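The values are calculated or read from the model by the stated rules, or taken from the named source; none is laboratory data. Remember, predicted model here, so these are calculated numbers, not experimental data. Cβ placement follows ideal geometry from the backbone for every residue including glycine, while neighbour counts extend to all protein chains displayed. Note: accessible area is taken over every heavy atom of the protein model, side chains too, but ligands, DNA and RNA are not part of it. Shrake-Rupley method; radii C 1.70, N 1.55, O 1.52, S 1.80 Å.
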Amino acid sequence: MIYQISVALIAVAFAVLVFFLIRTLKSAQGSLENVSQTLQEVQKTIDELSYEVKQTVRHANDITVDVQHKMKKIDPVMESVENLGEVLNEVTAAAKQVSTTLMAKFQTKRNNAEQTKHAESVHVNAPPATSTDRTLQSYEATYNGEAKGGNNWMKYVDVAANVWQRMRK
């Protein structure tokens, strides 16, 4: 009888195991159906997005071509701006040089007037020591050594610089 009870217990345990196994498999089957349905929806969404992404890429390519075309039209303007910048740099350098020369000239005149008042004038032919002295020497050589009717334009530059300085004050 023990064998019969053991076999009956094994049969009942097996039946309970099968029952729970069937419930688990049915749950898994329901989950797999949900996953399958979700994957179908995702595939549909991806197909729709793929079309939209392709359209966006086409529009981006069109915009890029348009921008490149417009950049080619702007290139001459940018070159002109660059050339204008170079010209302005040159004008600024020339104005700086002229103002330095004028200031040096006025300082030399003032120094010469003070030297004649305070001491005897001794003329020494030494090379100029500073850049200001060299500028003054070249300025004096230009103005004192010019031929009649030669470099009159420098006088006009001096007059214009004086007028400009007075207007600024």
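Give the accessible surface of the stretch 1-114 per residue, rounded to a whole number of Å², with probe radius 1.4 Å and ligands, DNA and RNA excluded.
Values: 10140 Å² over 114 residues.
With the other protein chains kept in place, the stretch 1-114 gives 89 Å² per residue.
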Loop-resident trypsin sites (Lys or Arg not before Pro) in the stretch 46-85 with no more than 11 other Cβ atoms inside 10 Å, DSSP not H/G/I/E/B, are none
Per-pair calculated FRET efficiency, R0 = 25 Å: VAL67 and ILE46 via Cβ, rounded to 0.05: 0.25
Per 5 Å bin, what is the whole-percent P(r) computed from every C-alpha pair distance within the stretch 1-91? 3, 10, 6, 7, 6, 6, 6, 5, 6, 5, 5, 5, 4, 4, 4, 3, 3, 3, 2, 2, 2, 2, 1, 0, 0
What distance in nm separates the simple spin-label points at LEU9 and HIS59, each placed 7 Å from Cα in the Cβ direction? 7.5
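Evaluate the charge dipole of the stretch 1-128 about its Cα centre and quote only its size in Debye, nearest 20, assuming +1 on the Cβ of each Lys and Arg and -1 on the Cβ of each Asp and Glu. Walk me through the numbers before you get to the answer.
Values: 13 positive and 14 negative charges, 74 e Å.
Rounded to the nearest 20 debye, it is 360 debye.
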